[in-house]
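Encoded as structure tokens, the structure appears first; notes follow it.
The values are calculated or read from the model by the stated rules, or taken from the named source; none is laboratory data. Note that this is a predicted model, so its numbers are computed, not measured. We place every Cβ from the backbone using ideal geometry, glycine too, and count neighbours over all the protein chains shown. Ligands, DNA and RNA are excluded from the accessible area calculation, which covers all protein heavy atoms including side chains. Shrake-Rupley method; radii C 1.70, N 1.55, O 1.52, S 1.80 Å.
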Amino acid sequence: DDADILDAAELVLLRHGFTLIKAQTPEEAREKLTASPVDILLLDLNYRRGDTSGEAGLTFLAEQMALTPALPVVVVTGHSGMTIAIQAMRMGAQDFVVKPWHNDRFIASIKAALEAPRIVAPPQDLNLERSEKELIKAALNRHQFNISQAAKDLGVTRAALYRRMEKHGL
């Protein structure tokens, strides 16, 4: 929400070999992130003077984590935003830096976030029918369609496996 903060961040980042793409609102940030992917997201949580709720930033963070869960995020917040910064970390941000920041701490936080491996769980299919069918197919393939071995692997009887195979059209 503050052009001076953006300019200060840009100066320190340029000195350390980074390029900053600036956005002053979540809407502007969405447009810029769509146009060019980034290596790290530095995210303020409040975008209007006097607003300390962090609602806009947390909503934006949730959207970005859903779209690009492996994207490292460092929250940049004012003193009044400590609780909100912790909430952002629970949502997926890797670190936070308090404004006004110490340049060495700011850069160290960015480098650590970039270097830390982001473990992103593969999306899970929560549909029980599809999941069961895929598990049965995998067990059958693993055991070269030996029904007895596949049933044992799945922890069901041969008769139960036959019924489930018929149910799923296998």
All but one of (1) modelled with pLDDT of 85 or more; (2) assigned to a helix (DSSP H, G or I); (3) loosely packed, with under 12 Cβ neighbours inside 10 Å hold for residue 144; which doesn't? (2)
Of residues in the stretch 28-83 being acidic (Asp, Glu) and outside any helix (DSSP H, G or I), the one surrounded by the most Cβ atoms within 10 Å (Cβ to Cβ): 44
Those residues that are among the small types (Gly, Ala, Ser) and modelled with pLDDT of 90 or more, I need them from the stretch 56-113; list them, please. 62, 93, 108, 109, 112, 113
Criterion violated by residue 51 - all others in (1) modelled with pLDDT of 90 or more; (2) within 21 Å of residue 3 (Cα to Cα) satisfied: (1)
Consider residue 23 carefully, then state whether it is open to solvent by 40 Å² or more (accessible area, probe 1.4 Å) and of a type in the set (A, V, I, L, M, F, W, C). no
Kindly provide the set of residues from the stretch 147-170 that are open to solvent by 30 Å² or more (accessible area, probe 1.4 Å) and either touching a strand residue (DSSP E or B) at 6+ places or on another chain (Cβ under 7 Å) or outside any loop (DSSP other than H, G, I, E, B) (or both), ordered by number. 148, 149, 152, 153, 154, 158, 159, 162, 163, 164, 166, 167
Among the numbered conditions (1) within 30 Å of residue 154 (Cβ to Cβ); (2) at pLDDT below 80; (3) open to solvent by less than 80 Å² (accessible area, probe 1.4 Å); (4) not acidic (Asp, Glu), tell me where residue 128 comes up short. (3)
Is it the case that residue 22 is over 14 Å from residue 99 (Cβ atoms), touching a helix residue (DSSP H, G or I) at 6+ places or on another chain (Cβ under 6 Å) and modelled with pLDDT under 95? yes
Answer with yes or no whether residue 106 is open to solvent by less than 70 Å² (accessible area, probe 1.4 Å), of a type in the set (Phe, Trp, Tyr) and over 21 Å from residue 30 (Cα atoms). yes
